[in-house]
Amino acid sequence: MAEDLSDIYAYIDTQREKYLARLLDYVRRPSISAHGIGIAETGEFLLGQLRALGMQAQLMPTAGWPMVLARRDDEPSAPTVLLYGHYDVQPPDPLDDWITPPFEPELRNGRIYGRGVGDNKGQHFAQLLAIEATLACRGKLPCNVVVLLEGEEEVGSPNMPAFVQAHRDLLNVDLVVTADGPVHESGQCCVLFGVRGVYSFELRARGANRDLHSGNWGGVAPNPIWTLVHLLGTMKDAQGQITIAGFYDNIAAPTALERAALAALPVDQERIMRELELARFDMPQGRSYAERLSLWPTLTINGMHGGYAGPGSKTVLPHEAFVKCDIRLVANQSIDEIAAKVAAHVKQHAPEVELLSGGGMEPSKTPLDHPFAAPVLAAVGQGHAQEPLAIPAMGGSLPDYVFTKLLGVPAFVTPYANADEANHAPNENLELERFYNGIRTGVALLANLGMQAAQS
């Protein structure tokens with residue numbers, strides 16, 4: 001049975017204006033990891049917020065920007081939950097597309113507009129306010145809490161694996177909950193049980209030592225753009241199948257629970273195509289929208305560059321070209337495995353092409369029937385006053401693998417932001433009521449974990 005949280009929810013209602021003002025103050029603080037702007041100052045700000053909650057908090061150095069780590073142990077017999085988030089934000093460019101300046105947040109039509117408000121400041125700040133509200137009403141927390149706020153998520157979390165490995169003693173937790181990303185595209189609240197991984201790479205082809213006249217040298221000197229076009233054509237066919245040898249070998253088959261959960265998701269495919277002005281979904285046909293994002297890996301050409309692209313005509317035979325790609329990975333695939341298969345494919349089909357491996361994140365998945373799934377789902381339902389959707393994996397990537405694979409604990413994503421939050425884009429926004437729902441969800445999560453311990 002759920003604990004009666006009406007007193008805490010009533011308290012949250014009395015604090016709405018104060019919570020909003022504090023969130024606006026937080027969003028006003030630039031913290032752009034890609035540019036190194038405001039990171040140290042924002043870390044110090046969070047340190048003060050966490051210490052005000054009676055938590056043992058510290059800034060933890062890494063090879064890049066610091067982690068903010070805090071802990072409070074109130075119930076030795078109760079589970080310990082790690083609340084993960086990131087305090088860095090994307091660069092705000094292009095600035096001219098913002099209606100109001102990105103770091104001067106404004107409330108308009110029930111939404112807060114500002115860089116980082118949805119991704120991820122508003123969401124993890126809601127978790128901190130849930131701790132604060134619980135303490136204000138009950139005097140202590142019903143479970144134990146670790147807060148980990150990263151300063152490099154928007155640049156790929158390069159130092160997360162080493163940090164987690166080096167500080168396992170400080171991260172002895174039972175589960176991880178991340179408030180990040182948008183709710184389901186239908187607007188319904190949800191819990192995501194996994195994320196796809198990502199592996200980025202670049203292919204570079206070279207021909208002559210300079211650009212050449214296409215009439216004088218065409219048919220004599222190789223064209224690097226054609227070299228890449230032919231190579232890419234061997235990596236994915238017209239039916240949408242990725243044709244890199246062994247690419248699908250280790251993919252985990254979906255469970256019956258996962259298939260049922262995906263089938264239950266409310267998706268208006270016609271509306272999606274209409275809004276995006278699509279005539280069809282990508283090949284292969286016959287896959288549902290939800291299955292495409294949760295169950296299948298992808299190979300995406302992010303951009304291709306080479307030769308002349310200006311106005312008019314220039315009959316040039318370019319001397320170099322490059323293409324940037326990413327592969328989204330699903331459960332049981334790994335970066336090392338797929339990187340090796342890509343390298344072998346390039347060596348076989350175009351050995352003169354240079355392969356440059358970029359960064360990546362491993363995929364992660366927690367079973368839908370994990371014992372901690374029930375209290376997490378119930379908390380999201382309580383906080384939003386609606387039944388949450390259970391989604392086996394999100395299409396994007398988060399560093400959840402450091403928790404599931406390095407720490408060996410389950411990880412859940414509980415997004416609070418609206419589906420059209422425009423994260424990473426101009427006019428990023430967060431619906432104000434979803435911010436308050438996030439606080440209520442955080443309160444329910446702590447209470448449910450405490451009750452689970454008491455019942456067991």
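The values are calculated or read from the model by the stated rules, or taken from the named source; none is laboratory data. Computed from a predicted model, the values in this text were never measured in an experiment. Virtual Cβ from ideal backbone geometry, glycine too; neighbours counted across all protein chains shown.
General remarks:
- First in the range 363-380 and of a type in the set (Val, Ile, Thr), second anywhere and part of a loop (DSSP other than H, G, I, E, B), Cβ under 6 Å, 6 or more apart: 366/193; 366/410; 380/189; 380/388; 380/414
- Tally of residues being in a loop (DSSP other than H, G, I, E, B) and surrounded by 11 or more Cβ atoms within 10 Å (Cβ to Cβ) across the range 271-281: 2
- Residue, farthest from residue 229 (Cα to Cα), within the range 286-323, restricted to residues that are touching a Gly at 6+ places or on another chain (Cβ under 8 Å) and polar (S, T, N, Q): 294
- Residue check for residue 108: of a type outside the set (A, V, I, L, M, F, W, C), more than 23 Å from the chain's Cα centre (by Cα) and under 29 Å from residue 7 (Cβ atoms): no
- Restricting the range 416-444 to residues that are touching a Ser or Thr at 6+ places or on another chain (Cβ under 8 Å) and among the aliphatic types (A, V, I, L, M), the residue that is modelled with the highest pLDDT: 443
- Filter result for residue 369 (surrounded by fewer than 18 Cβ atoms within 10 Å (Cβ to Cβ), closer than 30 Å to residue 95 by Cβ and acidic (Asp, Glu)): no
- Residues in the range 381-418 that are in a loop (DSSP other than H, G, I, E, B) and either without any contact (Cβ under 8 Å) to a residue 24 or more places away in the chain or over 29 Å from residue 158 (Cβ atoms) (or both): 385, 386, 387, 388, 408, 418.
- If only residues of the range 384-442 that are among the charged types (D, E, K, R) and farther than 25 Å from residue 18 by Cα are counted, the one that is surrounded by the most Cβ atoms within 10 Å (Cβ to Cβ) is 400.
- Tally, over the range 282-326, of residues that are in a loop (DSSP other than H, G, I, E, B) and either touching a Phe, Trp or Tyr at 6+ places or on another chain (Cβ under 9 Å) or more than 29 Å from residue 209 (Cα to Cα) (or both): 13
- Residue pairs whose Cβ atoms lie under 7 Å apart, separated by 6 or more positions or on different chains, with the first residue in the range 325-350 and touching a residue at least 12 places away in the same chain (Cβ under 8 Å) and on the phi > 0 side of the Ramachandran plot and the second of a type outside the set (D, E, K, R) and in a loop (DSSP other than H, G, I, E, B), are 332/250; 332/251; 332/252.
- Among the criteria (1) part of a loop (DSSP other than H, G, I, E, B); (2) at pLDDT 95 or above; (3) surrounded by fewer than 17 Cβ atoms within 10 Å (Cβ to Cβ), the one residue 340 does not fulfil is (1).
- Condition check for residue 444: out of contact with any strand residue (DSSP E or B) (no Cβ under 7 Å at 6 or more places or on another chain) and of a type in the set (A, V, I, L, M, F, W, C): yes
- Residues (under 30 Å from residue 199 (Cβ atoms) and more than 14 Å from the chain's Cα centre (by Cα)) located in the range 380-400: 389, 390, 391, 392
- Within the range 276-300, residues that are on the phi < 0 side of the Ramachandran plot have Cβ atoms under 6 Å from residues that are surrounded by 17 or more Cβ atoms within 10 Å (Cβ to Cβ) and charged (D, E, K, R) in these pairs: 297/328; 298/328; 299/236; 300/326, counting only partners at least 6 apart in sequence or on another chain.
- Residue in the range 337-358 that is more than 34 Å from the chain's Cα centre (by Cα) and either within 30 Å of residue 393 (Cα to Cα) or among the charged types (D, E, K, R) (or both) present: yes
- Complete set of residues in the range 189-225 that are in a helix (DSSP H, G or I) and either in contact with a strand residue (DSSP E or B) (Cβ under 8 Å, 6 or more places away or on another chain) or surrounded by 15 or more Cβ atoms within 10 Å (Cβ to Cβ) (or both): 214, 217, 224, 225
- Taking the criterion of being touching a Leu at 6+ places or on another chain (Cβ under 9 Å) and not acidic (Asp, Glu), the residues of the range 122-136 that qualify are 122, 123, 124, 125, 126, 127, 128, 129, 130, 131, 134, 135.
- Some residue of the range 30-49 being surrounded by 18 or more Cβ atoms within 10 Å (Cβ to Cβ), free of Cβ contacts under 8 Å to residues at least 40 places away in the same chain and closer than 25 Å to residue 141 by Cβ: yes
- In the range 308-317 there is at least one residue that is in contact with a strand residue (DSSP E or B) (Cβ under 7 Å, 6 or more places away or on another chain), within 28 Å of residue 203 (Cα to Cα), buried (at least 17 other Cβ atoms within 10 Å of the Cβ) and not assigned by TED's automatic domain parsing to the domain that holds residue 368.
- Filter result for the condition that a residue is loosely packed, with under 14 Cβ neighbours inside 10 Å, closer than 27 Å to residue 423 by Cβ and either among the small types (Gly, Ala, Ser) or in contact with a Phe, Trp or Tyr (Cβ under 6 Å, 6 or more places away or on another chain) (or both), over 10, 63: 63
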